[in-house]
Amino acid sequence: MVAMMNLVPGDGVPGDSDPGETAEWLEALESTLAHCGPARARFLLEQLEAHAANWAWSVVPSRTRDRNTLSLEHQGAYPGDLELDERITSILRWNALAMVVRANH
């Protein structure tokens with residue numbers, strides 16, 4: 001069985017107006033994880049989030065997947081001149097190093 005009761009420390013989360021209800025929700029989630037697996041639990045949480053969005057209330061998760069990233073095979077070609085850009089970067093680094101050395105003398 002998956003232990004999730006550590007999500008509610010002590011008598012509840014600070015500011016929790018109904019620790020009993022919170023415990024019931026967490027117990028239901030724990031039961032879903034134990035009997036149906038994480039995929040089902042994730043689906044239910046996503047459905048809750050979508051339902052909340054329908055009420056014009058958004059849930060901002062503490063951790064999100066990188067939804068805006070592309071895999072390497074879906075990325076387009078580099079739009080600039082890579083060799084020139086690397087050369088410019090090297091010159092800028094050299095200039096920064098020279099300024100630090102000069103400032104230390």
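When restricted to residues that are surrounded by 10 or more Cβ atoms within 10 Å (Cβ to Cβ) and of a type in the set (D, E, K, R), segment 67-85 contains 2. Of Thr22, Thr32, all but one fail to be surrounded by 10 or more Cβ atoms within 10 Å (Cβ to Cβ), touching an Asp or Glu at 6+ places or on another chain (Cβ under 6 Å) and modelled with pLDDT of 80 or more; the exception is Thr22.
Just one of (1) modelled with pLDDT of 95 or more; (2) on the phi > 0 side of the Ramachandran plot trips up Gly10, so point out which. For Gly10, the failing item is (1).
The values are calculated or read from the model by the stated rules, or taken from the named source; none is laboratory data. The shown structure was predicted, so the numbers you read here are calculated from the model rather than taken from an experiment. Note that each Cβ is placed from the backbone with ideal geometry, even for glycine, and that neighbours are counted across all protein chains shown.
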